[in-house]
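Enquirer: Provided herewith is a single structure, encoded as structure tokens, for subsequent inquiry.
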């Protein structure tokens, strides 16, 4: 028997819906249990369990979308497992994002997921534009009573929203910028996909300083958690993924200001091309003499910027820093005999070389060039727990959390450790963490003997102060380290990759074991003339074969 309508009440129909929603809303509910079976004994039906059925997904998902499209945020929120959060987000969709005339069209259900398309209009200050995108609902069963609800998460409203983010339409918080390369040509995400996030970060930091005027935009305003680490003068949170605000729709163009960067168009184009050929690759090129960043690229340009913000064990490329430590402490010398046994134990761990090789009666030059792990592990007992941390910080500028590159970066971490982790840190494992930007800077410091902080935007653009290291490397140690790196590039583990790049070269290979990975991450860092580079290929295996050819090609293209 149908329900009686009150007199005078207008009849409403979900006219925006296709047949899927019309059937779901009008159809009968489906229980999630079968008749018969054990009787709980209290006269109450058993609580449904298991994943939502197809009918439940369609019915509840359709009801949620219908309520949302009609602007009934309270009803829509009540169909979720977090009504307060859902109601706030859906209310903000209309009030803050200024979205109206919403049409929500369900797609083809896949299990408990119901994708849907959004078509709407964004209007502000008499300016309006259509908005069109897709999202999805995930339906869940509430354990306490078996009721099927929409599993609430911010990405229901827009797929790029995270917890705490907001959609806002209005005058943009920062004017647009026209970022240009070192030649004065505009940098765009269409031309250089790896720079998409970098350009967003540059706008966020320099939009108000570059002389432009703001436009009217729909944008995602990112959450700034209260428990986030303190930001430096460069506006970054050290060691955490930093995501800039993002423009989704421009209703009225602002006037961009111009911001010059240090990017080399030739080097950036080559970096984009070479990383696109590989899976899980990230690379940075810079000038050792000045610290200017010439190129930055990742195989997944739409993803996390591992090249600048990654926090990965750098493997044997860290032996550049460890070698500087041993040379300064007179625990090694280029052509003096140095142990490289198959195994070396420290702190209860037994370390070995790749394929258990050994060098009998060899020199430190031979051990470094062949990347002998035990040559470093064997010296652990002669080092203080904080020795590696100090040389990393005081000479190479790592782990000080003070780099002011112009965009968010992670500045490396070399924590003080004891026992076996202390030994592992010497070969770039343990608690040591870095990214290609850090390791390109490390080999640049080895080449010049002094730390010069990398940067993407000149400090003259905003008067910020670049980071410095407390001291330079001891001259004799730096001379020997340069020779070790040159020999590795010409006659050691990096020779194949560096072949044909000339005499003024230096390089170090590396691989880093990662729990849960079948193959280690491959690392490589090198210089050629006044260009240094570093790359990681995640799950790439040996660095000389995976990351080495990538770095070598870019050094050649930039030369």
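Enquirer: Considering only the stretch 268-298, state which residues are over 18 Å from the mean Cα position of the chain (by Cα), in contact (Cβ under 8 Å) with a residue 24 or more places away in the chain and over 21 Å from residue 408 (Cα atoms).
Expert: 269, 270, 274, 289
Enquirer: So residue 164 passes all but one of these: (1) surrounded by fewer than 15 Cβ atoms within 10 Å (Cβ to Cβ); (2) at pLDDT below 95; (3) within 30 Å of residue 266 (Cβ to Cβ). Which condition number does it fail?
Expert: Checking residue 164 against (1) surrounded by fewer than 15 Cβ atoms within 10 Å (Cβ to Cβ); (2) at pLDDT below 95; (3) within 30 Å of residue 266 (Cβ to Cβ), the one that fails is (3).
Enquirer: Please indicate, with yes or no, whether at least one residue in the stretch 57-79 is touching a helix residue (DSSP H, G or I) at 6+ places or on another chain (Cβ under 8 Å), closer than 17 Å to residue 155 by Cα, in a strand (DSSP E or B) and not assigned by TED's automatic domain parsing to the domain that holds residue 216.
Expert: Checking the stretch 57-79: not a single residue is touching a helix residue (DSSP H, G or I) at 6+ places or on another chain (Cβ under 8 Å), closer than 17 Å to residue 155 by Cα, in a strand (DSSP E or B) and not assigned by TED's automatic domain parsing to the domain that holds residue 216.
Enquirer: Going through 62, 92, 26 one at a time, which residue ends up being surrounded by fewer than 18 Cβ atoms within 10 Å (Cβ to Cβ) and either at pLDDT 95 or above or under 34 Å from the mean Cα position of the chain (by Cα) (or both)?
Expert: Answer to the check: 92.
Enquirer: Would a scan of the stretch 382-401 turn up a residue that is touching a strand residue (DSSP E or B) at 6+ places or on another chain (Cβ under 6 Å), touching a residue at least 12 places away in the same chain (Cβ under 8 Å) and over 18 Å from residue 444 (Cα atoms)?
Expert: No: the stretch 382-401 contains no residue that is touching a strand residue (DSSP E or B) at 6+ places or on another chain (Cβ under 6 Å), touching a residue at least 12 places away in the same chain (Cβ under 8 Å) and over 18 Å from residue 444 (Cα atoms).
Enquirer: What's the number of the condition residue 511 fails, among (1) closer than 20 Å to residue 282 by Cα; (2) surrounded by fewer than 21 Cβ atoms within 10 Å (Cβ to Cβ)?
Expert: (2)
Enquirer: If I filter the stretch 323-343 for residues that are touching a residue at least 40 places away in the same chain (Cβ under 8 Å) and within 30 Å of residue 268 (Cα to Cα), do I get at least one hit?
Expert: No, there is no match, as no residue in the stretch 323-343 is touching a residue at least 40 places away in the same chain (Cβ under 8 Å) and within 30 Å of residue 268 (Cα to Cα).
The values are calculated or read from the model by the stated rules, or taken from the named source; none is laboratory data. Every value quoted in this text rests on a predicted model; they were computed, and no experiment measured them. Glycine also receives a Cβ, built like all others from the backbone with ideal geometry; neighbour counts cover every protein chain displayed.
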